[in-house]
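Worksheet: one structure, shown below.
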Amino acid sequence: MLTHLIVALPEEAKPLVARFGLKRRMQDTAFTVYEKNALCLTVSGVGKTAAAAGVAYSHVVFGKQPGSIWLNVGTAGHASCELGCALLAHKITDADSGRRWYPPFTFTAPCASADLWTVARPEADYPNAGLYDMEAAGFYESATRFTTAELVQCIKIVSDNRSSPVARFGASQVYHRIEQQLPLIDDLIERLQELAACVEVPEPRLYRRCVERWHFSAHERIRLKRLLQRWDALTSGGAWLPGETSGCPQTGKDVLIWLRCQVDQLPVRLT
Amino acid sequence: MIETIYIEEAVRKHPRSELVCARFPHARLIICERYGEVFNRRAQSFRLQKRCPALILAEKRNNFVLPAPPGYGIGGERNYYFSHMLNCLYDCRYCFLQGMYRSAHYVLFVNFEDFMDAIRGVAQAESDKSIHFFSGYDCDSLALEPLTGFAKAFLPLFGELPNAVMELRTKSTQIRALMEMEPLANCVVAFSFTPDEVASALEHRAPGNRRRLDAMVKLQHAGWTIGLRFDPLIYREDYAEQYHHLFENLFARLDGERVHSVSFGGFRLPERFFQTLCEIYPEEKLFAGPLHAEGGIVSYRRVLENELCTFCRDELLKYIPPAKVFPCQT
């Protein structure tokens, strides 16, 4: 499964690129994109619209893979939280529209969590007790179109607070804040990958061989997949292909009829 | 262990919410407007949420008591159900809740008093009729009793309603609250069973049959009215031997004459729920078996279902008079 990292700024990307040994994809010009193996990173630019576009771009560029992990890493303001502190977002509010999302935690979180407000301009007054960023709402709404919400998370590193306001921090501090939290980000990605593995549905063992040998329409492929899942479940993956055990079916339809008969006759042992 | 609690703003200060939150001092508390913002949204995975379900404390605003589906009953003239909670502590692979909801979070409606008012209203509106209320339709009635205090809160109401019967349906051994109360004649504590091997394969996280039976025996000895539920009946090649042993073991320890009712029904699910379950658990043997869809319901093929139900009914009649045996039909 693929892990997509979405960041707003090049300075947020740099420590992650170094940590994971990511390489820039020179063919992408709309966004700066890095990748290595099953990890990719897109620098979306600032703001919720840019974040949503970055997510959509990454989804398409990397083959629209279902069941992927999406992680928004970035800096955020907080009225009172210590600088450098990492927090997951447990409630994201789009301050413009009032819309809210609640990223579900189905893993033990490696750090504390907080409410997060996505605002259109940097927030210097911090009126609510929670994080302030400019991307999470766009990121989250877009990413949950492509995968299940449990695999979409936002982690924010506090870059400014009332004692150290937003106007005072610069690019080098952003780099430093993210770099300090790399072990935690690493840990979070591992936990999300464990989760994703639980919902990854392997292709039935004989599916590829069947579709290479016979023609199936799109609807027939769905039926074939389910019949082969049943076959795998009831035989614990026993090897078989029509023609290997009896007369060879001529068409995909014949295979489905034959297979249905075979599967229906298999004994059911639940243990 | 609950790690996350969502609370509707409206019930944040409700005494029941405060009690529940106090039991989980380290849980993260997240305020929401309505539980529907969190529960059953699109793009959620029941399978993933079941690994670490959150608790949602909410207020039920309407439809407190609903008519039970046709074919669901144990001898009452009118059948209703109510759900103070959505979703279950256990993870039974045949359960329709997995197909009905995209969320596995537990929703607890803390305004018990509104449910009680509705129950009282229904029972008193037809005081000449025997009215049954089922509480274990969308959850296990007792599994979270130490947390919710559900039975403790609701049972005194039924003491005031002589024409009403409440069924608590459970696989739980959480009977302490009942053992501390005087038995109530119009409460049926009904335990669900499948044969041992089926239970260990499909009823994840639920107490084993032996512990359930121990709890039943204790309740029966204490004077509580008990019931037995074999719904769903699960087919496997050796089902006859399996169910024969199950019934034999149960009635060896229970006083059959004092069992209120026994109900049974073959495995069945609405087709839409079944398809969802196959997507969530494609490797599950139960869903790979000899099932078919008819009239929007997926069940065993009719011949097989009749064979299974007839066998179990005949076996049960060795222990229980026909008037106490209720087939469940949909």
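Taken together, the values in this text are just the output of simple stated rules run on the coordinates, not laboratory data. Keep in mind that this is a model prediction, so the values were computed, not measured. Methodologically, a virtual Cβ is constructed for each residue, glycine included, from the backbone with ideal geometry; neighbour enumeration extends over all protein chains shown.
General observations
- With a Förster radius of 22 Å applied to the beta-carbon distance between residue B:152 and residue B:31, the computed FRET efficiency rounds to 0.20.
- 222 nm mean residue ellipticity, helices alone, for the protein assembly as shown (DSSP H n ≥ 4; -39,500 (n - 2.57); rounded to 500): -10500 deg cm²/dmol
- Distance between modelled label sites at residue A:108 and residue B:77, nm, 7 Å Cα→Cβ extension: 5.6
- Other residues whose C-beta falls under 12 angstrom from the C-beta of residue B:163 contribute a net charge of -1, scoring Lys and Arg +1 and Asp and Glu -1.
- Angle between chain A longest axis and helix A:10-20 axis [Cα atoms, degrees, rounded to 10]: 50
- Over the stretch A:54-138, volume per residue of the alpha carbon convex hull, in Å³: 117
- Aspartates and glutamates with Cα under 14 Å of residue B:318, excluding same-chain neighbours fewer than 8 positions away: B:248, B:255, B:257
- In order along the stretch A:82-95, the Karplus-derived 3J(HN,Hα) couplings, from 6.51 cos²θ - 1.76 cosθ + 1.60 at θ = phi - 60°, round to 4, 4, x, 5, 9, 9, 7, 8, 9, 8, 10, 10, 7, 4 Hz, and Gly and Pro are given as x.
- Reachable aspartates and glutamates from residue B:129, criterion Cα separation under 16 angstrom, eight or more residues apart if same chain: B:77, B:160
- Members of B:218/B:324; A:48/B:13; A:48/A:225 lying beyond 31 Å, as alpha-carbon distances in this model show: A:48/B:13; A:48/A:225
- Counting only DSSP beta bridges with both residues in the stretch B:178-330, the antiparallel share comes to about 35 percent.
- Cβ-based net charge around residue B:266, under 9 Å, with every Lys or Arg adding one and every Asp or Glu removing one: -1
- When its C-alpha radius of gyration is set against 2.2 N^0.38 Å (N residues), the protein assembly as shown gives a value of 1.10.
- Calculated translational diffusion coefficient of the stretch A:146-271 (20 °C, 1.002 mPa s; Stokes-Einstein with Kirkwood radius over alpha-carbon pairs) equals 111 µm²/s.
- Its Cα gyration tensor gives the stretch B:90-144 an equivalent ellipsoid, and the semi-axes of that ellipsoid, as √(5λ) in whole Å with the largest first, are 28, 14, 9.
- Helix A:48-61 and the longest principal axis of the Cα set of chain A meet at an angle near 30°.
- For the stretch B:207-329, Kirkwood radius (reciprocal of mean inverse C-alpha pair distance, Å): 15.8
- For chain A, the dipole from Cβ point charges (+1 on Lys and Arg, -1 on Asp and Glu) about the Cα centre works out to 860 debye, to the nearest 20.
- Inter-label distance for residue A:145 and residue B:303, nm, one decimal - labels placed 7 Å from Cα along Cα-to-Cβ: 5.1
- Charge dipole (debye, nearest 20) of the stretch B:4-327; +1 at Cβ of Lys and Arg, -1 at Cβ of Asp and Glu: 740
- Computed log10 I(q)/I(0) for chain B at 0.09, 0.15 Å⁻¹: -0.47, -1.38, from the Debye equation with unit scatterers placed on every C-alpha and solvent omitted.
- For the stretch A:3-199, the Rg and Dmax computed from alpha carbons only, in angstrom: 15.3, 45
- Cα-based values for the stretch B:48-113, radius of gyration first and Dmax second, are 13.8, 41 Å.
- Net +/- balance of residues flanking residue B:16 in space, Cβ distance below 11 Å, scoring K and R +1, D and E -1: -2
- More than 17 Å apart - percent of Cα-Cα pairs taken over the stretch B:6-74: 57
- The stretch A:56-117: relative contact order in percent, alpha carbon pairs under 8 Å with at least 6 residues between: 31
- Of all DSSP-defined beta bridges confined to the protein assembly as shown, some 30% are antiparallel rather than parallel.
- Fraction of beta bridges assigned by DSSP in the stretch A:3-199 that are antiparallel (%, nearest 5): 35
- Taking every C-alpha pair closer than 8 Å and separated by at least 6 residues, the mean separation divided by the residue count of the stretch A:3-199 gives a relative contact order of 27 percent.
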